[in-house]
Amino acid sequence: MEQEPIKSEENKRRHYSAEEIAAHVSGYEQSGVSQREYAQREGLPVSSLGNWVNRKQKRVAAAQWVEVEKPGALPGGDFTGYVMGFGGGMELRVPRGFAVAEVAALAKILREAK
């Protein structure tokens, strides 16, 4: 009959706060290394980091896009397409037929620049 391993303090799951998770996801994204490398370097379970990154990507993908009707001449000339406001006067104007991944990357840069 096989015995179950005894759980020690080292085997217990660690719970991370939302701030810790956000810091690790940001750190991973800026590191330029694989999830496995980052997790090993930081002493994190690779699966946890992967889950956190996937959750963030799903939230970004679920962002709502609002089409802007052409109300006449807008500052900067005639423009029809999409406008994303980021506060502080920052906005991203995207013409029809855009590449979603490129716009998501630009939106991330603008959010972080706020």
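Among the residues of the range 97-107, count how many are surrounded by 13 or more Cβ atoms within 10 Å (Cβ to Cβ) and either of a type in the set (V, I, T) or on the phi > 0 side of the Ramachandran plot (or both).
Number of matching residues: 1.
So how many residues does the range 64-96 have that are touching a Gly at 6+ places or on another chain (Cβ under 8 Å), at pLDDT 75 or above and surrounded by 11 or more Cβ atoms within 10 Å (Cβ to Cβ)?
Of the residues in that region, 3 qualify.
Do we have Q30 as assigned to a helix (DSSP H, G or I), over 17 Å from the mean Cα position of the chain (by Cα) and at pLDDT 80 or above here?
When the stated conditions are applied, Q30 does not pass them.
Does any residue in the range 71-96 that is on the phi > 0 side of the Ramachandran plot come within less than 6 Å, Cβ to Cβ, of a residue that is at pLDDT 75 or above and of a type in the set (A, V, I, L, M, F, W, C) six or more places away or on a different chain, and which pairs are these?
Filtered contacts from the range 71-96: G81/V94.
For K56, all conditions in the list (1) at pLDDT below 75; (2) among the basic types (K, R); (3) surrounded by 10 or more Cβ atoms within 10 Å (Cβ to Cβ) hold save one; what is the number of the exception?
All conditions pass for K56, except number (1).
The values are calculated or read from the model by the stated rules, or taken from the named source; none is laboratory data. Worth saying up front: this structure is predicted, and the values here are computed from it rather than measured. A quick note on method: Cβ atoms are made from the backbone with ideal geometry, for glycine too, and the neighbour counts reach across all protein chains shown.
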